[in-house]
Amino acid sequence: MATKCIITGVPGVGKTTVITGALAKLEEMGVHYANISFGSFMFETALAEGLVQNRDEMRLLAKNDQKELQRKAAGRIAAIDGNVLVDTHASVKTPRGYLAGLPEWVLEALMPDLFVLVETDEDQILGRRLGDSSRVRDMDSYRALASHQSFNRAIAAANAMKTGCTVAIVLNADHLLDRAIDDLAALLK
Ligand code: AP5
């Protein structure tokens, strides 16, 4: 039976890096997943509608614009058959507080079997954001990052209650990327 997995983590935690490694490993084992970036689906629409010029501007848009982009992305992703891995956010830090990445109508469209949180220590996340000159990253404090990761666990629990999905945490620590890749591949195989 096909698996629908939603994978999340605060920006810069390295979820895209872990996903790329795990999906390559799974392909070697003959297991295929469609690798879907929820942010890219949102960005295509936002760009076409002239709302933003880069993906880091999306979290600064008015709440209703972000919600409309979420709804359109969810509808397109829900139509994809087979094993699907959706790379997204449990919550997005906006100027007016956290926006749920998967509000009820998005969850109902996607109905995941598995919800994965990629986490690591806050000082490591800060270091990765500082080292990433290709993006416009928020420079949060240690405390703000801890609060965001903790809020995301609460969201994961709420999503599990709503959909019946299981929740797994993958630790992506410095120098231990291979272990994170193995852990995610084991969850998805
Ligand atoms: P998205 O496309 O998900 O971008 P992001 O959050 O910035 O995530 P990235 O994929 O760029 O970063 P990452 O954490 O995966 O880290 P990476 O692998 O690059 O979202 C873009 C936007 O879309 C959001 O801001 C939001 O506006 C919107 N959006 C998306 N979903 C939404 C939703 N559901 N609702 C509303 N809006 C939504 O790695 C970072 C660095 O760390 C790299 O340099 C890497 O080499 C390094 N690294 C990784 N692992 C390790 C390790 N183990 N040790 C050392 N270094 C490591």
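The values are calculated or read from the model by the stated rules, or taken from the named source; none is laboratory data. What you are looking at is a predicted structure, and each value in this text was computed from that prediction instead of being measured. Positions of Cβ are backbone-derived with ideal geometry, glycine not excepted, and every protein chain shown enters the neighbour counts. For accessibility, only protein heavy atoms count, side chains too; no ligands or nucleic acids. Shrake-Rupley method; radii C 1.70, N 1.55, O 1.52, S 1.80 Å.
Here is how the numbers come out for the structure above:
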| quantity | calculated |
| --- | --- |
| Test: residue in region 35-53 that is within 20 Å of I181 (Cα to Cα), open to solvent by 60 Å² or more (accessible area, probe 1.4 Å) and of a type in the set (D, E, K, R) | no |
| Residue selected from region 154-182 under the condition in contact (Cβ under 8 Å) with a residue 60 or more places away in the chain and open to solvent by 20 Å² or more (accessible area, probe 1.4 Å), by the criterion farthest from Q124 (Cα to Cα) | I155 |
| In region 1-40, residue nearest to the ligand (Cβ to nearest atom) [restricted to those that are among the hydrophobic types (A, V, I, L, M, F, W, C) and out of contact with any strand residue (DSSP E or B) (no Cβ under 9 Å at 6 or more places or on another chain)] | A24 |
| Of the criteria (1) free of Cβ contacts under 8 Å to residues at least 24 places away in the same chain; (2) touching a strand residue (DSSP E or B) at 6+ places or on another chain (Cβ under 7 Å); (3) not hydroxyl-bearing (S, T, Y), which one R143 fails | (2) |
| Check on I80, β-branched (V, I, T), more than 11 Å from the ligand (Cβ to nearest atom), free of Cβ contacts under 8 Å to residues at least 60 places away in the same chain and not in a helix (DSSP H, G or I) | yes |
| Qualifying residues in region 107-117 (those that are under 11 Å from V167 (Cα atoms) and among the aliphatic types (A, V, I, L, M)) - the one farthest from the ligand (Cβ to nearest atom) | L114 |
| Some residue of region 53-60 being of a type outside the set (K, R) and touching a Cys at 6+ places or on another chain (Cβ under 9 Å) | no |
| Count of region 27-68 residues which are farther than 30 Å from M1 by Cβ and either among the acidic types (D, E) or assigned to a helix (DSSP H, G or I) (or both) | 18 |
| Total residues in region 41-66, condition under 16 Å from the mean Cα position of the chain (by Cα) and more than 8 Å from the ligand (Cβ to nearest atom) | 1 |
